[in-house]
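Trainee: Before anything else, here's the structure in question.
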Amino acid sequence: MEYIDGGSLSELLVVNQTMKEAHIATVCKFVLEGLNYLHNLPKPIIHRDIKSENILMGLNGAIKMSAFLPPTPTPLISC
C-alpha cells in the first residue's frame with residue numbers, strides 16, 4: 001500500500017474551495033489516463049467508484065486513484 005501525503009481531492013476542495021481550470025484539466029487527464037490503462041489490461045479492471053474522495057493528491061503533484069472494489073462475479077447464464 002502506498003501513502004499519499006496530500007489528501008483527497010475532496011479535502012483539497014474543502015480547504016481551497018476552488019481550483020484553477022488548468023489544475024482541474026490536469027487531474028482529469030491523469031484520472032482518465034489511469035482508467036484507460038486499467039480498462040485495456042489483458043484482464044480489464046473496472047474501478048466502479050470514481051469520486052473526488054477516491055482521487056488522492058500528493059504534495060509532490062502525484063495524482064492517484066484509490067478505493068478499488070473487489071470484482072463482481074459474472075452471473076452464469078444457462079440455456
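Trainee: Take the conditions touching a helix residue (DSSP H, G or I) at 6+ places or on another chain (Cβ under 9 Å), part of a helix (DSSP H, G or I) and β-branched (Val, Ile, Thr) and apply them to VAL27. Does it pass? Steps first, please.
Mentor: Details: touching a helix residue (DSSP H, G or I) at 6+ places or on another chain (Cβ under 9 Å): yes; part of a helix (DSSP H, G or I): yes; β-branched (Val, Ile, Thr): yes.
Criteria met by VAL27.
Trainee: Output the residue which, of all residues in the range 1-35 that are among the aliphatic types (A, V, I, L, M) and touching a Leu at 6+ places or on another chain (Cβ under 8 Å), is modelled with the lowest pLDDT. Explain how you work it out, then say what you get.
Mentor: So in the range 1-35, the residues among the aliphatic types (A, V, I, L, M) come out as 1, 4, 9, 12-15, 19, 22, 24-25, 27, 31-32, 35.
Among the residues that remain, those that are also touching a Leu at 6+ places or on another chain (Cβ under 8 Å) are: 4, 9, 19, 27.
On the way: ILE4: 78, LEU9: 91, MET19: 88, VAL27: 93.
Ranking the qualifying residues of the range 1-35, first place goes to ILE4.
Trainee: Continuing with this model, one more query. If TYR37 satisfies all but one of (1) under 15 Å from the mean Cα position of the chain (by Cα); (2) under 14 Å from ILE63 (Cα atoms); (3) assigned to a helix (DSSP H, G or I), what's the number of the condition it fails?
Mentor: (2)
Trainee: With the requirement that a residue be among the polar types (S, T, N, Q), closer than 18 Å to ALA67 by Cβ and either in a helix (DSSP H, G or I) or in contact with a Phe, Trp or Tyr (Cβ under 6 Å, 6 or more places away or on another chain) (or both), what does the range 3-24 give you? Please lay out each step first, then the result.
Mentor: Going through the range 3-24, the residues among the polar types (S, T, N, Q) turn out to be 8, 10, 16-18.
With closer than 18 Å to ALA67 by Cβ added as a condition, the list becomes 8, 10.
Within the range 3-24, just SER10 meets the criteria.
Trainee: What is the number of the single condition among (1) touching a strand residue (DSSP E or B) at 6+ places or on another chain (Cβ under 9 Å); (2) modelled with pLDDT under 85 that LEU38 does not meet?
Mentor: In the conditions (1) touching a strand residue (DSSP E or B) at 6+ places or on another chain (Cβ under 9 Å); (2) modelled with pLDDT under 85, LEU38 misses (2) alone.
Trainee: Just the residues that are polar (S, T, N, Q) and under 20 Å from GLY61 (Cβ atoms), please, taken from the range 1-34.
Mentor: Narrowing the range 1-34 to residues polar (S, T, N, Q): 8, 10, 16-18, 26.
Within the range 1-34, SER8, SER10, ASN16, THR18, THR26 meet the criteria.
The values are calculated or read from the model by the stated rules, or taken from the named source; none is laboratory data. Remember, it's a predicted structure, so these values are computed and weren't measured experimentally. FYI the Cβ positions are ideal-geometry reconstructions off the backbone, even for glycines, and counts take in every protein chain you see.
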